[in-house]
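The structure appears below as structure tokens.
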Amino acid sequence: MIGSLLYLTASRLDICFSVGLCARYQAAPKESHMNAVKHIIKYIGGTSEYGLFYSADTNLYEETT
């Protein structure tokens with residue numbers, strides 16, 4: 001499960017800290033770590049429609065003076 005969550009951190013920056021913290025305990029996980037991972041998965045399921053959207057005509061390199 002941690003591997004899948006680590007993959008998701010590339011596009012879901014809101015879970016980076018939590019997943020990183022859970023990954024530290026992958027060698028000797030306890031029930032509390034499993035509960036935390038399940039909570040992260042539920043969070044992802046509830047926020048799957050969230051995101052950042054940019055229009056095609058946005059000038060990201062606009063000069064300011």
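The values are calculated or read from the model by the stated rules, or taken from the named source; none is laboratory data. As the structure is a computational prediction, the values presented were derived from the model and not from experiment. Cβ placement follows ideal geometry from the backbone for every residue including glycine, while neighbour counts extend to all protein chains displayed.
Tyr50 fails exactly one of the following numbered conditions: (1) modelled with pLDDT of 90 or more; (2) touching a helix residue (DSSP H, G or I) at 6+ places or on another chain (Cβ under 9 Å); (3) exposed (fewer than 14 other Cβ atoms within 10 Å of the Cβ). What is the number of that condition?
(1)
For the range 1-31, name all the residues that are under 13 Å from Ile44 (Cβ atoms) and among the β-branched types (Val, Ile, Thr).
Thr9, Ile15, Val19
If you check every pair at least six apart or on different chains, which have Cβ atoms under 9 Å apart with a residue in the range 8-36 that is under 28 Å from Glu49 (Cβ atoms) first and a residue that is loosely packed, with under 15 Cβ neighbours inside 10 Å and among the polar types (S, T, N, Q) second?
Pairs that qualify, where the first residue is under 28 Å from Glu49 (Cβ atoms) and the partner is loosely packed, with under 15 Cβ neighbours inside 10 Å and among the polar types (S, T, N, Q), are Arg12/Thr47; Asp14/Thr47; His33/Gln26.
Among the residues of the range 15-40, write down those that are loosely packed, with under 14 Cβ neighbours inside 10 Å and under 11 Å from the mean Cα position of the chain (by Cα).
Scanning the range 15-40 gives Phe17, Gly20.
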